[in-house]
Amino acid sequence: MFLEMARLDRLHLIGQMASGIGHEIRNPLTTVRGFLQLLETKHPDSKAHYDLMISELDRANTIITEFLSLSKTKPENLGPQNLNRIIDAIFPMIQAHAFRNDKEVILDLTPLPDALIDEKEIRQVLLNLVQNALDATAAGGKVIVRTLLREPHYVTFAVTDSGPGIHPDTVGRLGTPFFTTKAEGTGLGLAVSYNIINRHGGKIELDTGSRGTTFYVHLPCQ
Ligand code: ADP
């Protein structure tokens, strides 16, 4: 099923509103972080508390940065790139992360033509989808990352897990900022990913059932 892109207009509006207050919040956070680091050196006994405060501030900052990215309308550094090269370059990091969680990622790459890609952004989409796939996978399980030519005029990558699948009631809410079913989730990964794919003129496709989930990302080429 192709996911409806109309909701992206809504995302864009939310993003614009967010950017207004986001910048105003980030600056004081940075100031507080700086003073906490300074105080930490003066109170070594309380280091654990300072570290916790700093990591909480960093988490807030990450959420604001991701939310702010929803207001972007165009990829910043679009250039002819090969999806296989981008995936190959980031694969060791993905695999190391999977191994730390007693899981494995398998690569299955098909030769592809170049496409107009903002490498940093598409890397982020890949990381978000792989993280979700790993979260859905039991220890000892595998996630498959493939590239393929499936739609005319598009290059495609797919991330497949063997998790429990996504409930039909949930599918309609995917990509809504802050929608999460995870205790530690931000609910921003898919919203940010949909926005990036949309800005590339791409499409996202979902295939989910009790045997697992595949997200296909189609990016225009030629
Ligand atoms: P987060 O990962 O922080 O929850 P996302 O926007 O990336 O935020 O995902 C939103 C929700 O979509 C997840 O909480 C989960 O319920 C669901 N989801 C996304 N990918 C998968 C997947 N591969 N398998 C099962 N559920 C998924």
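Taking the stretch 177-222 as the range and being aromatic (Phe, Trp, Tyr), open to solvent by 10 Å² or more (accessible area, probe 1.4 Å) and in contact with a strand residue (DSSP E or B) (Cβ under 7 Å, 6 or more places away or on another chain) as the test, the residues that pass are Phe215, Tyr216. Within the stretch 171-187, the set of residues being at negative phi and more than 6 Å from the ligand (Cβ to nearest atom) comprises Val171, Gly172, Arg173, Thr176, Pro177, Ala183, Glu184.
Would the stretch 38-50 turn up any residue that is within 13 Å of Ser19 (Cα to Cα), of a type in the set (A, V, I, L, M) and either open to solvent by less than 90 Å² (accessible area, probe 1.4 Å) or at pLDDT 95 or above (or both)? Within the stretch 38-50, not a single residue is within 13 Å of Ser19 (Cα to Cα), of a type in the set (A, V, I, L, M) and either open to solvent by less than 90 Å² (accessible area, probe 1.4 Å) or at pLDDT 95 or above (or both). In summary, Val105 fulfils each of the numbered conditions (1) assigned to a strand (DSSP E or B); (2) open to solvent by less than 50 Å² (accessible area, probe 1.4 Å); (3) among the β-branched types (Val, Ile, Thr); (4) out of contact with any helix residue (DSSP H, G or I) (no Cβ under 7 Å at 6 or more places or on another chain) with the single exception of condition (4). Looking at this structure, is Leu206 touching a Lys or Arg at 6+ places or on another chain (Cβ under 6 Å), within 14 Å of the ligand (Cβ to nearest atom) and not in a loop (DSSP other than H, G, I, E, B)? The answer is no for Leu206. In the condition set (1) open to solvent by less than 50 Å² (accessible area, probe 1.4 Å); (2) more than 16 Å from the chain's Cα centre (by Cα), Leu68 is compliant with all but (2). No other residue among Val217, Val192 is under 18 Å from the mean Cα position of the chain (by Cα), touching a residue at least 40 places away in the same chain (Cβ under 8 Å) and part of a strand (DSSP E or B) apart from Val217.
Consider the stretch 135-159 and keep the residues that are surrounded by fewer than 22 Cβ atoms within 10 Å (Cβ to Cβ) and near the ligand (Cβ under 9 Å from one of its atoms). The one that is farthest from Ile94 (Cα to Cα) is Ala136. Return the residues of the stretch 160-176 that are assigned to a loop (DSSP other than H, G, I, E, B) and either closer than 12 Å to Leu112 by Cβ or open to solvent by 20 Å² or more (accessible area, probe 1.4 Å) (or both); say none if nothing qualifies. Of everything in the stretch 160-176, those that are assigned to a loop (DSSP other than H, G, I, E, B) and either closer than 12 Å to Leu112 by Cβ or open to solvent by 20 Å² or more (accessible area, probe 1.4 Å) (or both) turn out to be Ser162, Pro164, Gly165, Ile166, His167, Gly172, Arg173, Thr176.
The values are calculated or read from the model by the stated rules, or taken from the named source; none is laboratory data. In this text the structure is predicted, and so the values were computed from the model without any measurement. All Cβ positions, glycine included, derive from the backbone under ideal geometry; neighbour counts span all protein chains shown. Please note that ligands, DNA and RNA were not included when accessible areas were found on the heavy atoms of the full protein model with its side chains. Shrake-Rupley method; radii C 1.70, N 1.55, O 1.52, S 1.80 Å.
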